[in-house]
Amino acid sequence: MEKADCLLLHYIALTGSLTQAAEHMHIQKSHASRLLSRMENQLGLRLIERSTRSMRFTEAGQKVLMRARHVLETLDEIDQFAREQQYEVSGEL
């Protein structure tokens, strides 16, 4: 899974909509749908039950979502650490 996959799951959970999740990510809905299908195929799991009017995470999907959110938090922490290191004074004074 890639960061975009984790973000897609996060935004689907947040909005309840693939269309709105795609809008948050600034991608086309068709691209978001392909990302989700690719993710499900790679994992061999159905992550979301889709109907014409709603989306619901499966039990496996909820567990993957929880881990995806953890990955996003970890990546944010790494980015924050890197920014802090760039501004840290180093060398002899």
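The values are calculated or read from the model by the stated rules, or taken from the named source; none is laboratory data. Source: prediction; values computed, not measured. Note that each Cβ is placed from the backbone with ideal geometry, even for glycine, and that neighbours are counted across all protein chains shown. What goes into the accessible areas is simple: the full protein's heavy atoms, side chains included, and nothing from ligands, DNA or RNA. Shrake-Rupley method; radii C 1.70, N 1.55, O 1.52, S 1.80 Å.
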Residue-normalised value, i.e. accessible area per residue, for the chain at 1.4 Å probe, in Å², stands at 73
Checking segment 6-93 for trypsin sites (Lys or Arg not before Pro) in a loop per DSSP with at most 13 other beta-carbon atoms within 10 Å yields Arg46, Arg53
Asserting the computed 222 nm helical MRE of the chain (DSSP H runs at least 4 long, -39500 (n - 2.57) per run, divided by residue count, to nearest 500) equals -23000 deg cm²/dmol
Taking only the alpha-carbon atoms of the chain, the convex hull volume per residue, in cubic angstrom, is 110
Low-density loop GluC sites (Glu not before Pro), segment 3-93, at most 10 other Cβ within 10 Å, DSSP non-H/G/I/E/B, are Glu88, Glu92
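Could you work out what % of the accessible surface of segment 10-75 is carbon and sulfur, using a 1.4 angstrom probe and leaving DNA, RNA and ligands out of the count?
Values: 2180 of 4380 Å².
Exposed carbon and sulfur together represent 50 percent of the surface.
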Mean separation of Cα contacts under 8 Å (at least 6 apart) over the residue count of the chain, i.e. the relative contact order in percent, is 26
